[in-house]
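Here's the structure, in structure tokens; my notes come after.
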Amino acid sequence: MRTLLLAALFTLLSSPASAQSLQRIFSSANEAYFRGDFASAAKDYEKIVQAGVRDADVYFNLATAYARAGEYGKAILFYERGLKAKPGDEAAEAGLAACRNLLGKREAEKQGEAVVQTRPPLSEALVRPFSENLLAGLLLLFDFAFFALLIALRLSERESLRIGLGIAAPLIGFLLILTVGGLLVKSEALKEGRAAIVINDEAAIREGPDPRAQARGKAQQGQSARIIKGEADYVRVRLSDGSEGWMKRSDVEAI
Amino acid sequence: MEAIRKWMLMTSALSVLVCFGEARAQISVEMTADRTRMTTDENVVLQIEVEASGGEEPDIELPSFDGFEIVQQQVSRPMQFSFSFGTSRGAQRVFRSTTRYVFVLRPFREGTFTIQPVRVAAGGKNYRSNSVTLVVGKGSNPLPQSDPTQQPRQSTDDAVQKKADYVDATDFDQQAFLRTVVDKAEAYVGEQVTATIYLYVRSRLTANPSIETEPNTDGFWIHDLIQPSTNLTARRQIVKGIPFTVYPLRRFAAFPLRGGALTIGSMTVSIEQGSLFDFFDRRFEPNLRRASVPVTIEVKELPEKNRPQGEVAVGHFAVSTKLDRDQVATGDAVKLTATVTGTGNLRTVSLADPKAPGVQVLRPEIRDLVESPNDLVSGTRVYEWLLVPQSPGRIEIGTIDLPTFDPEQKRYQTVRSEPLALTVVGRSIQAEEDKEAVVADDTPQEEAAGNAFGPIRTSSALSRDPARLLDTEWYFWALAVAPSIWLLVLAVSSIRRRLEASSAKSAPKRAVRNAQQRLSQAMARAARGDIKGYYGQVASALTTVLEARLAEPVGGYTLSELRTRLIQRGMQEALASQVVNELERCDFLRFGSTGNSPEQIKTHTGRLRELFAHLKEFTPAATEANP
């Protein structure tokens, strides 16, 4: 039923008037937010996202609405998505940090201690401000420049020109290698599975993709994870603490 | 004349001096202060000067400085000498000295204090200085420090000495003792009482004393004024004629929490004497263990008369408030900050929530900054409330009141902040939604801290998923273009090189084939009767073969030079001679009339073919310099 509704909505929004409809929903969501009705605001922003909009501002508003409603797991998910769409968005970075801190405090109150924020590896931190498309564009540019230099070096007979090309080619080659590395890190090509966030608190991790399977532990909302594979209503995840198991598809969502 | 006059003066002076020596001792003693009126914040410099001449060295007895702390003291003897006149038997000793004491004193409290005269005994007589009266007024720091330099009582029976407004408790011991000084004997509930526990030891400590038991402070809220540290600062003090080194072990502000007699309990310390090296010394002594005398303070309840409603803060405080903005959308949160500053126990100060109709007031976040300059506990307590207006309009946020009690003036006062106004815009929140919001907001305080998030963005391009370059079909083709072109260039270069190499290698064979074709053409010419043309073609074919084989022109050589060159390039002499002979024959027959019969031509052609076959097999040696 939900799928049908979504399909109908998508059809509606794909019409020429879809842009206006989306703007209306966006305005309505903003009004709900200003009224303090964060749940309604989040619901409206979700509609826009489900219509295929992948805008950083919408993600930001959605994340903020969830955060104000106390749903920090979902807030983290959408802040992360917003940052993926618009790397280096300071407000989103601040919101993300605030969510993680608040979750950490809540966890600390419950458990006595909590990991407030895990620091990403250096390689990920270095490429965080750049978008994947920017890195891909740079790769193309350096690729052309590097091989053009090599061809020129091959065909050139003037010694002074050959010296200049011989200096420039390794430099551009180094940039090319850096860009390739950055793109590999950014696109997570070397990592198994897809990055995801646990959106529900105390989500059970099971031995198998079945509600009767033995529980291995519980994941906290906002926890980072990687979805390795999926099976029916369950996905196999590896959590940021290294533990692995099966979780309900509804408990974890890919960034 | 002048010299005689000087001599007479000196003689007179010496005579006077001798007369002094023969006379009885003369003493002059004087006490002066650089000021006689001061506040509790100020120091006074008191100077005592004793001049003695003749007789013997005087015995000086200094007065006590009750009510003052000795901040600094100095003794100097700028002039002291003795000499004798006459023989040793009838010698008369003349003594003359000046002793100067300088004390820097700090008043312990307000009041009028009289420093008693200095007593000097010399030659069996007593002398007294003047007394000095000092008037101490109230300073900016109404709470004095404890007084470590007053003479502790030398009594074990009544060790606690309660004075007008402070307590000094000591169990004197000649080796070491603890002394507790409390600046108030009576206090109100919530009023600061400053207590200091000093350690008096005869010599400097070689190690920090070990605290065995801390003083019991039940009934007090304690704020340490000096942190228990490893670095103890010492000063010297003479108590009952015994020099001690004094260490302040603890100083804390104690705020009584209830009325009645409250006791600051005994503190027990263990003092290590000497050092490890003294173990081998006969004077090695075991550790000393000392306990301080408990001190009881009378704590009075706050007076009931004129007492305001609610909790009363004891001390001097002021309240101020501010909003982080004066306009807000309905339902959005605005932060109200109330700052309480002043002296007193800030941690017990409690503010009521602000009164603002139509505004949801969330639980406040409280931050404290407590300091203790001059041992007076003071600082700032900040309350931060999130206010969520429920309906539009202008909202008056009432004053924030704080009832206080001033223990010095013994009166109540209510300090209050200025009222604030907030303009709220937007639509009202409906009752149902309000209820929902309250239910949804039934979360801990931190979760209501909405100011960490937002503000949201009011416009958006609502852009769809931007195409991922990596997902586009052309991207990897585009990426492959440049390396492909490069590979192509490499391949073309390689093919060209190979072709060139192959071409160079097959040149001699091609030349022989050409030569044989030319030989055939020459035979055709001979058949047509063109004998000259025949030999011309033959000579040309032979030269072409030689040039191709040797890879060098041979047209410039004479026949004998050609022969030498062929041999140099590794050709057998017989073959070289044959080549040269054939060329010579061609030149000869091209212009002669003999040997032109068809048989002779045929035989010649056959010989030439044989010669070309030999030349085809010939491999020349590397090129050398031409002869």
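Summary table below
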| read-out | value |
| --- | --- |
| Breaking point among (1) at pLDDT 80 or above; (2) surrounded by 15 or more Cβ atoms within 10 Å (Cβ to Cβ), for B:PRO553 | (2) |
| Residue within the stretch B:415-424 that is surrounded by 15 or more Cβ atoms within 10 Å (Cβ to Cβ), of a type in the set (Gly, Ala, Ser) and modelled with pLDDT of 85 or more present | yes |
| Condition broken by A:PHE144, with the remaining ones in (1) open to solvent by 70 Å² or more (accessible area, probe 1.4 Å); (2) within 13 Å of chain B (Cβ to nearest Cβ); (3) modelled with pLDDT under 85 satisfied | (3) |
| Filter result (open to solvent by 70 Å² or more (accessible area, probe 1.4 Å) and out of contact with any Phe, Trp or Tyr (no Cβ under 9 Å at 6 or more places or on another chain)) within the stretch A:217-252 | A:LYS218, A:LYS229, A:ALA232, A:ASP233, A:ARG238, A:SER240, A:ASP241, A:SER250 |
| Residues located in the stretch A:48-86, provided they are outside any helix (DSSP H, G or I) and more than 8 Å from chain B (Cβ to nearest Cβ) | A:ALA51, A:GLU71, A:LYS86 |
| Cβ pairs under 9 Å, 6+ apart, first in the stretch A:169-184 and closer than 12 Å to A:GLU132 by Cα, second in a helix (DSSP H, G or I) and open to solvent by 70 Å² or more (accessible area, probe 1.4 Å) | A:THR179/A:LEU141; A:GLY182/A:LEU126 |
| Which listed residue is surrounded by fewer than 16 Cβ atoms within 10 Å (Cβ to Cβ) and modelled with pLDDT under 70, from B:GLU436, B:GLU432, B:GLU473 | B:GLU432 |
| Residue satisfying condition, being surrounded by 15 or more Cβ atoms within 10 Å (Cβ to Cβ), of a type outside the set (Lys, Arg), more than 13 Å from chain B (Cβ to nearest Cβ) and farther than 30 Å from A:ALA232 by Cβ, within set A:LEU184, A:LEU149, A:LEU171, A:LEU178 | A:LEU178 |
| Test result for B:VAL382, open to solvent by less than 30 Å² (accessible area, probe 1.4 Å), at negative phi and within 14 Å of another protein chain (Cβ to nearest Cβ) | no |
| Pair list, Cβ < 8 Å and 6+ apart or interchain, from the stretch A:200-219 residues that are at positive phi to residues that are part of a strand (DSSP E or B) and open to solvent by 80 Å² or more (accessible area, probe 1.4 Å) | A:GLU202/A:LYS218 |
| Positions within the stretch B:516-545 being among the polar types (S, T, N, Q) and either in contact (Cβ under 8 Å) with a residue 40 or more places away in the chain or open to solvent by less than 30 Å² (accessible area, probe 1.4 Å) (or both), in sequence order | B:GLN516, B:THR543 |
| Residue satisfying condition, being over 60 Å from the mean Cα position of the chain (by Cα), hydrophobic (A, V, I, L, M, F, W, C) and not in a helix (DSSP H, G or I), within set B:ALA613, B:ALA576, B:ALA621 | B:ALA621 |
| Among residues of the stretch B:460-474, those that are within 7 Å of another protein chain (Cβ to nearest Cβ) and either part of a helix (DSSP H, G or I) or aromatic (Phe, Trp, Tyr) (or both), counted | 2 |
| Residue in the stretch B:238-252 that is modelled with pLDDT of 90 or more, crowded, with 22+ Cβ neighbours inside 10 Å, not charged (D, E, K, R) and not in a loop (DSSP other than H, G, I, E, B) present | yes |
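Residues are listed down the side, and each one gets a yes or a no for (1) modelled with pLDDT under 90; (2) under 23 Å from the mean Cα position of the chain (by Cα):
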site	(1), (2)
A:GLY164	no, no
A:ALA169	no, no
A:ILE172	no, no
A:ALA189	yes, yes
A:GLY193	yes, yes
A:ALA213	yes, no
A:GLU231	yes, yes
A:LEU239	yes, yes
A:SER250	yes, yes
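The values are calculated or read from the model by the stated rules, or taken from the named source; none is laboratory data. Model, not experiment: these values are computed from the prediction. Backbone-built Cβ (ideal geometry, glycine too); neighbour counts: all protein chains shown. The area values use the complete protein model at the heavy-atom level, side chains included, leaving out ligands, DNA and RNA. Shrake-Rupley method; radii C 1.70, N 1.55, O 1.52, S 1.80 Å.
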